[in-house]
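Structure first, then comments.
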Amino acid sequence: MTEKSSFSDSAEKLALNVSLTSLILNLLLSIFKLSAGIAGHSQAMISDAVHSASDCASTVVVMIGVHCGHRQADANHPFGHERLESAASLILAVMLGITGVGVGISAIRTLCHPADLQVPGRAALMMAVVSILVKEGQYWWTRWAALTVDSDALMADAWHHRSDALSSLGALLGIGGARKGWLWMDPAVGLIICALILAVAVKLFWQSLNKMIDQSCDTQALHAIAEVIVRQPGVMTIDPLRTRIFGNRIYVELEIGVDAHLPLVKAHAIAENVHQAVEETFPRVKHCAIHVNPVRKE
């Protein structure tokens with residue numbers, strides 16, 4: 001019963017191409033946002049530029065995680081390297097959280113010195129609109145790629161893009177309000193952006209952590225796997241059925257009961273059939289280990 005490969009060359013190429021494009025766009029956006037924020041005297045836009053700059057570093061982490069996490073198993077890592085991608089997702093969550101704290105501190109400092117507040121310029125307003133469109137587009141594209149190749153790190157990066165889009169939306173509202181005369185709105189929105197970024201960071205961190213500690217599949221998935229197993233010819237009982245999530249893959253371990261009077265060759269054939277049925281029905285299952293127990297008919 002061989003263990004199947006978890007990631008094709010074409011899937012890795014797609015993931016890396018998406019990440020490379022994101023890296024270039026984030027670098028350009030961060031430069032333009034910082035310029036617009038400084039020229040337009042907008043604290044919200046400067047905070048948003050810092051957020052975009054952090055995306056550059058996070059995308060590099062994604063590229064490393066995708067490449068290293070999907071290498072084939074070797075002598076030192078017989079179960080593969082999938083957890084490296086979950087580790088990359090954890091790093092992304094921490095980086096996102098640090099960015100959120102930095103944005104919040106900057107906003108609080110600005111609010112504590114109201115005399116330094118200035119009316120944001122039109123350039124900052126226009127840059128916020130451009131950023132919303134670009135980052136929301138990046139979110140949907142990266143999300144599609146993450147679902148296509150089943151990548152935790154790419155999905156984390158997609159949410160990083162979404163948080164940046166929300167950040168830019170907040171900057172747009174803050175800049176618009178400040179240009180109407182409510183100067184406090186610009187840094188106040190920075191605090192809202194901070195809260196949104198931290199919320200996403202906590203969610204990503206918790207999801208990635210669960211995939212690092214051999215969490216079981218949910219009840220619905222367990223029932224679905226059990227239904228496939230009991231439908232296979234020769235399977236009389238399912239004894240223990242255990243699953244563990246390893247990175248973005250699933251390992252299944254179970255014991256099946258077969259007729260005690262069957263020859264070893266036939267009992268093995270039943271187990272092999274179950275093994276193939278589970279892996280073919282559930283693409284995320286990387287390996288299915290089966291132990292056969294004899295069942296004596298009364």
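The values are calculated or read from the model by the stated rules, or taken from the named source; none is laboratory data. As the structure is a computational prediction, the values presented were derived from the model and not from experiment. In this analysis, Cβ positions are derived from the backbone assuming ideal geometry, glycine residues included, and neighbour counts consider all displayed protein chains. Note: accessible area is taken over every heavy atom of the protein model, side chains too, but ligands, DNA and RNA are not part of it. Shrake-Rupley method; radii C 1.70, N 1.55, O 1.52, S 1.80 Å.
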Requested in this report: Calculate the spin-label point distance for C112 paired with N210, positioning each point 7 Å from the Cα along the beta-carbon direction, and give it in nanometres.
Outcome: 3.8
Report summary line: Once all protein chains are kept in place, R162 shows an accessible area at probe 1.4 Å, nearest 10 Å², of 50
Report summary line: accessible surface per residue for the range 127-260, probe 1.4 Å, DNA/RNA/ligands not counted, whole Å² -> 44
Query raised in the report: So which chymotrypsin sites (Phe, Trp or Tyr not before Pro) in the range 162-233 end up in coil per DSSP with only 16 or fewer other C-beta atoms within 10 Å?
Result: W182, W184
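Ranked highest first by average number of other Cβ atoms within 10 Å, how do 28-40, 222-234, 147-159, 283-295 line up? Numbers along the way, then the final one.
On the way: 28-40: 20.0, 222-234: 14.0, 147-159: 24.5, 283-295: 16.6.
Listed from highest to lowest mean packing, they are 147-159, 28-40, 283-295, 222-234.
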Query raised in the report: How high is the relative contact order of the range 235-296, given as a whole-number percent (alpha carbon pairs under 8 Å, six or more residues apart)?
Result: 41
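Let a ≥ b ≥ c be the square roots of the eigenvalues of the Cα gyration tensor of the range 190-298; is it rounded (a/c under 1.5), or, if not, prolate (a/b larger than b/c) or oblate? Provide the component values of the computation, followed by the final result.
Values: a/c = 3.91, a/b = 3.56, b/c = 1.10.
Since a/c reaches 1.5 and a/b is larger than b/c, the shape of the range 190-298 is classed as prolate.
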